[in-house]
1. Using the Cα centre as the reference, give the magnitude of the dipole from point charges on the C-beta atoms of region 2-78 (Lys, Arg: +1; Asp, Glu: -1; all else neutral), rounded to the nearest 20 debye.
2. Which peptide among 106-115, 52-61, 166-175 comes first, and what is the full order, when sorted by highest mean count of other Cβ atoms within 10 Å?
3. Can you list which of the DSSP-assigned H helices in the chain have a Cα extent of 20 Å or more along the long axis and an average Kyte-Doolittle score of at least 0.0?
4. Along its principal axes, what span do the Cα atoms of region 2-78 show, with the longest given first and each in whole Å?
5. Between Leu104 and Ile244, 0.36 nm times their residue separation minus their Cα-Cα distance comes to what?
6. If one computes P(r) from the Cα atoms of region 1-153, what percent of pairs lie at distances over 18 Å?
7. If you place +1 on the Cβ of every Lys and Arg and -1 on the Cβ of every Asp and Glu, how big does the dipole about the Cα centre of the chain come out, in debye to the nearest 20?
8. Taking R0 as 45 Å, what's the FRET efficiency between Val223 and Lys120 from their Cβ-Cβ distance, rounded to 0.05?
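Laboratory data are not the source of any read-out in this text; all were calculated from the coordinates shown. These numbers were taken from a predicted model, which means no experiment stands behind them. Glycine gets a Cβ as well: all are built from the backbone with ideal geometry, and neighbour counts include every protein chain shown.
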Amino acid sequence: MTVYHLRGKVVSTDPSQGIVVLDHEAIPGFMGAMTMPYQLKNVNVASALHPGDTITADVLVSKKSENTVLLVNIDIIGQAKPDYKPAVNYHVPAPGNEVPDFALRNQDGRTIHLRQFRGKALLITFIYTRCPFPNFCPLVSRNFATINKALAANAKLNGKTQLLSVSLDPSYDTPARLKAYGAGYIGGHMTLGLLDQGEKVVVLDNLSTGFAWAVPEGAKLVVGDTGDKGLVARLIREHGIDAIAQPQNGAYQAKSTAG
């Protein structure tokens, strides 16, 4: 279990689930400033937190397989005004309401609109490429990659469905970074496919846009630059590599015939 210290402002709470959404400062050694939900270890604390409250807390990050992230030792260091009212009131749509059109910039730098997906089943999720929580953005992105693979095998269903991942960190997640992020999950499925076929796989990646734990179990990860010709040549010799693929994220997925 690793412990990090957090300071931030309460955006909203969900007492029934024991979840608090925080707009927090950068957490040294863990993640940058971000607005995101946290699970409270003591769900009863949620009822004592209000939008606008400034808090400090400890973030517990488990290294076990469940990758649990919990918030503990919460201290309210600044209370919101008792007569606090939000500056803007937003309409929260109910199921069945029409969603207003909106525009976004995609990974190719082009503007897309919600209206262009009318008539399709549209699945939307929210991510950011620097997310360090294995059970948040990476999990959702892996699930989307799995859905995309299944849709690709069904042309009729694929034509009626659209997957859309929206970044919560647009200032950092440029189109180029989003394209590399998406390519990493394509490469992950390539690795899984090769492993399923009984192949031995070596992944060469500098992890500049990803994490070591995202590499599928069974594949050998070598942290390094794909532009290092000496390193690539050595890996080919040592592992008897007979095929190399390079998705757009820059990582090599290499199939070897030797152990």
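1. 200
2. 52-61, 166-175, 106-115
3. 137-152, 175-196
4. Per principal axis, max minus min of the Cα coordinates gives 31, 25, 18 Å.
5. Stretched fully, the Leu104-Ile244 segment lengthens by 46.9 nm.
6. 69
7. The calculated dipole for the chain is roughly 620 debye.
8. 0.70
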